[in-house]
1. Restricting to segment 53-64, name every residue that is assigned to a strand (DSSP E or B) and exposed (fewer than 15 other Cβ atoms within 10 Å of the Cβ).
2. Return yes when residue 41 is touching a strand residue (DSSP E or B) at 6+ places or on another chain (Cβ under 7 Å) and at pLDDT 95 or above and no when it is not.
């Protein structure tokens, strides 16, 4: 079952810190975004393997944006 990792709030995606095929554990950081002049880490909600990266750095994201999909 695939798990979507969404942006927790609106902001600018600074970096995606994983690559397709990487294995992640629950609470591992997968991306960093900037909102209200703060850097906010986005964490994996569960263990899995990165199946796809759906957003690019230096783009604006919001809570409907899927940044990474885990399998």
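The values are calculated or read from the model by the stated rules, or taken from the named source; none is laboratory data. Keep in mind that what you see is a predicted model, and the values were worked out from it rather than measured. FYI the Cβ positions are ideal-geometry reconstructions off the backbone, even for glycines, and counts take in every protein chain you see.
1. From segment 53-64, those assigned to a strand (DSSP E or B) are 53, 59-61; that's our starting set.
59, 60 - these are the residues of segment 53-64 that are assigned to a strand (DSSP E or B) and exposed (fewer than 15 other Cβ atoms within 10 Å of the Cβ).
2. On the way: touching a strand residue (DSSP E or B) at 6+ places or on another chain (Cβ under 7 Å): yes; at pLDDT 95 or above: yes.
Criteria met by residue 41.
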